[in-house]
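Here is the structure we will look at.
The values are calculated or read from the model by the stated rules, or taken from the named source; none is laboratory data. Values in this document were obtained by computation on a predicted structure and should not be read as measured data. Methodologically, a virtual Cβ is constructed for each residue, glycine included, from the backbone with ideal geometry; neighbour enumeration extends over all protein chains shown.
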Amino acid sequence: KRGLKVAMLGLDVHRPAASEQLEQLGKQNKIQTFTNKNEKNPLKIYKQYEKQLKDYDLIIIDTAGRHDLDKKLVKEIKDLTKQIKPDYKILTIQADIGQAAKQQASEFQKACDVNGVIITRMDSTAKAGGALTACKETNAPVYFIGTGEKINEFETFNPKSFISRLLGLGDLEGLLEKVQSAVDEKSQKKLKKKLEQGEFNLRDLQSQLKQMSGIGSLSKIAEMIPGLGKAKIPENMLGTQEDKMKKWEHAINSMTEQEINHPEIIEKQT
């Protein structure tokens, strides 16, 4: 989004399928990912790709993490920090970890002097009280929160917006940021001209549906609109609407160019 050349480096050699998961994430979001499934020494993996990584502006390094830090893992983190000399050392904490977050944050802080925190699983029933308390142990700010598994469900942490949503008061400022991030200004200007000229077709509709899905799920959008967060909307209703949107996209993809550009002929055919 900011024009930076980004790469990811997988140094978690302990968690099963950590490399595969990182590779899949990179592929889905068109990010170059460097891993070595056969090497169990994270420092050797870093040395293997050190020269190639110099071609990138921003490098995200995934290292091992656990609820209970043993001496071996602490030494590993210290060695990696000493060799790599990262600009930022960010601790990732799950929102549902509870009071265990305090000890984890404290131990990570001693091991590598944490600069910031990311809190994930904010879409769970937990309200992240323990995770937020843990930030005090690091004296580091919360940079981002994860509200789902998709890349567009990863957002900058704004305390005011967070409290507002927590109280069911919505977050219009955050919603506006999401819309601005997902919407392409140039395509919107073109669409405006087409609408003025009465040339809106199904391809344009499909483009709008894709941009809507880029903002996030309908349930997440509803949480950000004042009043809707606490509204008793049936749980399956928003999911049903999302399914309908996907069906519309599939239907458009199965049409001919003539049907897409001139949808009025479909009615004549039926």
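Condition check: charged (D, E, K, R), at pLDDT 95 or above and assigned by TED's automatic domain parsing to the domain that holds Ile118. Does Lys47 satisfy that?
Against the criterion (charged (D, E, K, R), at pLDDT 95 or above and assigned by TED's automatic domain parsing to the domain that holds Ile118), Lys47 qualifies.
Quick one: which residue in Val117, Val13 is buried (at least 19 other Cβ atoms within 10 Å of the Cβ) and in contact (Cβ under 8 Å) with a residue 40 or more places away in the chain?
Matching residue, one of Val117, Val13: Val13.
Looking at the structure I just gave you, is Gly3 in contact with a Ser or Thr (Cβ under 6 Å, 6 or more places away or on another chain) and either charged (D, E, K, R) or more than 21 Å from Gln109 (Cα to Cα) (or both)?
In short, no.
With the structure loaded, tell me whether Ala64 is free of Cβ contacts under 8 Å to residues at least 40 places away in the same chain and of a type in the set (Gly, Ala, Ser) or whether it fails that test.
So Ala64 does not fit the description; no.
Is it the case that some residue within the range 54-67 is part of a loop (DSSP other than H, G, I, E, B), on the phi > 0 side of the Ramachandran plot and among the hydrophobic types (A, V, I, L, M, F, W, C)?
Within the range 54-67, not a single residue is part of a loop (DSSP other than H, G, I, E, B), on the phi > 0 side of the Ramachandran plot and among the hydrophobic types (A, V, I, L, M, F, W, C).
Could you please tell me which pairs satisfy a Cβ distance under 7 Å, a separation of 6+ or placement on different chains, a first residue in the range 182-198 that is closer than 16 Å to Asn261 by Cα, and a second residue that is surrounded by 13 or more Cβ atoms within 10 Å (Cβ to Cβ) and modelled with pLDDT of 75 or more?
Leu191/Asp204; Lys194/Phe200; Lys194/Asp204
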